[in-house]
Amino acid sequence: MTDLDIHSACILLVDDDPGTIQVLHRALGPFSNVRFATSGALALKLAEELQPDLILLDADMPGMSGIETFWKLKSDSLLQATPVIFVTSRRETDLEVEVLELGAVDFISKPVNPALLRARVGTQLRLKLLTDELRSAAGHDGLTGIANRRQFDEWIDAECRRALRGGTPLSLLLADVDHFKAYNDCAGHLAGDDALRKVALVLQNETRRAGELTARYGGEEFAIVLPGLDGEAARQRAEEVRSLIEARAIPHPRSSVGPVVTLSIGVSTLHLAADATPVDSSAARALIQHADNALYLAKKEGRNRVRYETCSYPFGSWTRQTA
Ligand SMILES: [Mg+2]
C-alpha cells in the first residue's frame with residue numbers, strides 16, 4: 001500500500017461566517033491545501049472547479065442552506081462521491097441523524113475541538129484517498145497499466161451520452177496485434193507480454209487529448225476512444241497509430257505481414273441523430289459492433305491496415321468505406 005498523503009489533499013471549507021472559517025482553518029494547520037467558500041452557491045462553483053477531496057459544510061447558511069447545497073453536490077455526477085462533513089452549532093440529534101442518513105460522512109458540532117476536528121478530517125481523507133486508489137486500480141489492466149475493459153465500458157458509454165448532448169461525432173478504433181498467437185507460440189508468453197506492453201505504451205502516448213482513452217479490450221486487442229472526430233479524421237488517426245507501431249519495430253518472430261509487430265485496425269464513427277435518446281448502452285454497442293466488423297475486414301484483407309465503417313444511431317444504418 002502506498003503512503004496516503006492526506007496533508008496535501010484538497011479541503012473545501014464552507015461557512016457563511018468568516019470568523020468560523022478562520023477558526024477551522026487554524027485548526028486544520030497541518031493541511032496545506034484548504035480553500036473557502038462563504039455561501040452554498042460559491043461552494044458549488046468552487047467544488048466543480050477544484051474537485052476537493054473533502055468538504056466541511058455549515059448546515060446553517062442564509063440563502064442556499066447547507067442541506068440544499070449538499071443535495072446539489074450529490075446530484076452532480078462529478079461531485080456525488082465527494083465526502084461531506086457537516087459542521088453545525090445546532091445540537092438536535094434529529095439533524096445529526098438526518099444528515100448522516102442523507103449520506104454525509106460525519107457530523108461535527110461547533111464550537112469545534114481542534115484536535116478532534118483534525119482527527120476526524122484525517123480519517124475521512126484517508127478513506128477518500130484509499131477509495132480513489134482502489135477505484136483507479138480497478139480500472140486498470142494489470143499487465144500493461146493502461147485502462148482495462150471495465151473502464152473502457154464506462155468511458156464509451158459516457159462519451160456516447162456526451163456526443164448526444166453536444167451533437168458531436170464519436171469514433172472508436174479497435175486494434176488487433178497481427179498473428180499474436182504465433183508470436184506467443186514462437187517467442188514464449190513472457191516475450192508476448194513484453195510486446196503487448198510496448199504496443200500499449202505507444203498507443204497510450206498517442207491518445208492524450210481530452211476525452212480520449214486507450215484501453216486493453218482483451219487479449220491482444222486494444223480500443224481507442226476518440227471523441228469529436230468524424231470518419232475521415234478518425235481514419236487518419238488510425239493510420240498514424242498503425243504506422244507508429246510498425247515504426248516502433250518490435251521484432252515479430254513469425255508473421256505473414258513482415259519481421260515486426262503490426263496492427264490491424266477497425267474504425268467506426270457514430271453519428272447521432274438529433275432525436276436519439278440512448279438511455280441504454282445500445283449506442284456504444286453499435287459503435288463497437290461496427291468497429292469490430294471493420295477490424296474483421298482489415299484482417300481478412302491482409303492485416304497491417306485500417307478499415308472503417310460509419311453508423312448512425314438510432315437507425316443503425318451504416319456505410320462501409322474501404323480506404
Ligand atoms: Mg452559519
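The table that follows gives values for the structure above.
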{"item": "Matching residues, the stretch 103-127, being among the polar types (S, T, N, Q), assigned to a helix (DSSP H, G or I) and free of Cβ contacts under 8 Å to residues at least 60 places away in the same chain", "result": "123"}
{"item": "Residue match in the stretch 23-45 (condition: in a loop (DSSP other than H, G, I, E, B), surrounded by 17 or more Cβ atoms within 10 Å (Cβ to Cβ) and more than 12 Å from the ligand (Cβ to nearest atom))", "result": "yes"}
{"item": "Which listed residue is part of a loop (DSSP other than H, G, I, E, B) and within 17 Å of residue 287 (Cα to Cα), from 164, 270, 229, 173", "result": "229"}
{"item": "Residue 173 vs. criteria more than 30 Å from residue 15 (Cα to Cα) and either outside the structural domain of residue 14 (by TED's automatic domain parsing) or surrounded by fewer than 16 Cβ atoms within 10 Å (Cβ to Cβ) (or both)", "result": "yes"}
{"item": "Residues that are more than 14 Å from the ligand (Cβ to nearest atom) and either free of Cβ contacts under 8 Å to residues at least 40 places away in the same chain or not polar (S, T, N, Q) (or both), drawn from the stretch 46-62", "result": "46, 47, 48, 49, 50, 52, 53, 54, 55"}
{"item": "Verdict on residue 134 being of a type in the set (A, V, I, L, M), touching a residue at least 24 places away in the same chain (Cβ under 8 Å) and either farther than 26 Å from residue 263 by Cβ or assigned by TED's automatic domain parsing to the domain that holds residue 28 (or both)", "result": "no"}
{"item": "First in the stretch 66-81 and over 22 Å from residue 131 (Cα atoms) and polar (S, T, N, Q), second anywhere and modelled with pLDDT of 90 or more and surrounded by 12 or more Cβ atoms within 10 Å (Cβ to Cβ), Cβ under 8 Å, 6 or more apart", "result": "69/14; 69/40; 69/43; 69/44; 69/57; 69/61"}
{"item": "Any pair with Cβ under 8 angstrom, 6 or more apart, that starts in the stretch 144-161 at a residue that is in contact (Cβ under 8 Å) with a residue 40 or more places away in the chain and ends at one that is charged (D, E, K, R) and not in a loop (DSSP other than H, G, I, E, B)", "result": "144/197; 144/216; 145/197; 146/216; 147/216; 148/216; 149/216"}
{"item": "Test result for residue 55, assigned to a helix (DSSP H, G or I) and among the β-branched types (Val, Ile, Thr)", "result": "no"}
{"item": "Criterion (more than 18 Å from residue 23 (Cβ to Cβ), more than 16 Å from the ligand (Cβ to nearest atom) and either out of contact with any strand residue (DSSP E or B) (no Cβ under 9 Å at 6 or more places or on another chain) or part of a strand (DSSP E or B) (or both)) met by exactly one of 130, 100, 73", "result": "130"}
{"item": "Residue count for the stretch 131-164, restricted to those that are among the hydroxyl-bearing types (Ser, Thr, Tyr) and modelled with pLDDT of 90 or more", "result": "2"}
{"item": "Qualifying residue in the stretch 195-210 (condition: over 27 Å from residue 181 (Cβ atoms), assigned by TED's automatic domain parsing to the domain that holds residue 157, in contact with a helix residue (DSSP H, G or I) (Cβ under 8 Å, 6 or more places away or on another chain) and touching a residue at least 24 places away in the same chain (Cβ under 8 Å))", "result": "no"}
{"item": "One residue from 14, 99 being over 27 Å from the mean Cα position of the chain (by Cα) and at pLDDT below 95", "result": "99"}
{"item": "Breaking point among (1) within 16 Å of the ligand (Cβ to nearest atom); (2) surrounded by 12 or more Cβ atoms within 10 Å (Cβ to Cβ), for residue 18", "result": "(2)"}
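The values are calculated or read from the model by the stated rules, or taken from the named source; none is laboratory data. Note that the coordinates shown come from a computational prediction; the quantities given were computed from them, not determined experimentally. Here Cβ is always computed from backbone atoms with ideal geometry, including for glycine, and neighbour counts include all displayed protein chains.
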